[in-house]
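A short write-up of the structure that comes next.
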Amino acid sequence: MVCAVVFQPQGRLYYADPGTLSPQVGDRVLYPTAEGPEVAQVMWAPEWVSEEIGGLPVLEGMAEDADLETAEVSRKKRAAARVAARRLVREHELPMKVVGVDHVVATNHTTLYFTAPHRVDFRALVRDLAATLKGRVELRQLSARDEARLTGGIGSCGRELCCATFLVDFEPVSVRMAKDQDLPPNPLRISGACGRLMCCLKYEHPLYEEFAEKAPKLGSDVETPDGDGRVVGHDVPGEKVVVRMAADGRVSRCALASVCSSRKAYDSR
């Protein structure tokens with residue numbers, strides 16, 4: 001059994017083993033974390049999955065009134081810490097941007113996440129924050145991808161960012177992947193909300209690599225059910241080859257399985 005929870009509205013999904021619980025969508029549960037159990041909201045009710053999934057954290061129980069009160073105190077502390085941090089950053093004139101705050105009520109520990117163009121000396125800022133918030137304060141610098149994951153947003157596809165919903169690890173993405181998919185080398189077209197190459201470029205790249213191994217190259221002469229012609233394009237999602245017929249010059253989209261290279265090209269290979 002697997003269920004999914006979020007710690008904040010429209011936030012990233014975290015998967016868990018419900019154990020003996022049977023929570024419904026919208027219920028509040030206790031999700032185990034390194035700092036102890038935290039209140040989370042169920043977005044996917046428990047359901048059976050065909051794949052064998054192991055190592056998922058097990059829910060520790062349903063959230064009680066005391067747990068909800070603790071979560072509300074943590075929310076207010078995070079809001080106060082964010083306001084104080086932004087004010088002190090302006091006073092210290094530091095080139096940094098606060099993008100997220102975590103607070104653990106049990107230990108009175110506040111963690112602030114920020115982005116900056118380079119390394120920042122924030123020792124004086126930490127001292128003033130600790131005095132203002134009356135607790136332990138820790139600052140962590142995030143990359144551009146981590147900032148997008150934390151703040152969320154809408155991608156060019158019109159849906160929520162993958163990193164803010166289901167993407168767990170950032171896999172390497174290269175410009176070569178965009179070229180293999182015939183995408184324009186315009187940074188504005190192939191970059192995500194974080195300013196880096198879109199993570200989704202890697203999703204379909206194996207399909208394009210497999211197609212390139214089987215399909216005839218552009219400009220090669222081929223034989224099709226409609227006659228002989230020359231390859232002028234590829235339709236990878238449809239697994240078709242665009243061929244310009246030698247007889248009348250018309251363009252035809254032929255299934256990849258029905259296109260054969262000429263005997264001369266076959267012998268040369």
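The values are calculated or read from the model by the stated rules, or taken from the named source; none is laboratory data. What you are looking at is a predicted structure, and each value in this text was computed from that prediction instead of being measured. No Cβ is skipped: glycine too gets one built from the backbone with ideal geometry, and neighbour counts run over all protein chains shown. For accessibility, only protein heavy atoms count, side chains too; no ligands or nucleic acids. Shrake-Rupley method; radii C 1.70, N 1.55, O 1.52, S 1.80 Å.
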Leaving out same-chain residues fewer than 8 places away, which lysines sit with a Cα under 28 Å from that of residue 217? 179, 202, 240, 264
Tell me the label-point distance for the pair residue 93, residue 154, using the 7 Å Cα-to-Cβ offset, in nm and rounded to one decimal. 3.9 nm
Helix 123-133 vs. the chain, principal-axis angle (Cα, 0 to 90°, nearest 10): 60 degrees
Helix 65-92: inclination vs the chain longest Cα principal axis, degrees, rounded to 10, gives 80 degrees
Of 192, 100, 158, the most mobile residue in a GNM of the chain (C-alpha springs, cutoff 10 Å) is 158
Tally up the carbon and sulfur contribution to the accessible surface of region 21-176 as a whole percent, 1.4 Å probe, everything protein left in place. 52 percent
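Scan the chain and report its longest stretch carrying no chymotrypsin sites (Phe, Trp or Tyr not before Pro) that are both in a DSSP loop and have at most 13 other Cβ atoms within 10 Å. It would help to have the intermediate numbers written out before the result.
Details: sites that count: 48, 166, 203.
That would be 49-165.
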If you compute Kirkwood radius over Cα pairs in Å for the structure shown, which of [x] 23.1; [y] 22.0; [z] 19.5 do you land on? [x]
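Using 0.36 nm per residue, how much length does the chain from residue 250 to residue 48 gain when fully extended, once their Cα-Cα distance is taken away? Mind dumping the intermediate values first?
Working: separation 202, 0.36 × 202 = 72.72 nm, distance 5.20 nm.
Fully extending the segment from residue 250 to residue 48 adds 67.5 nm.
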At residue 141 and residue 175, where each label point lies 7 Å from the Cα along Cα→Cβ, what is the point-to-point distance in nanometres? 2.6 nm
Taking the alpha-carbon distance from residue 97 and a cut-off under 14 Å, which aspartates and glutamates remain once sequence neighbours fewer than 8 residues away in the same chain are dropped? 121, 146, 147
Just how far, in whole angstrom, is region 36-56 from region 113-132 if you go by their alpha carbon centroids? 36 Å
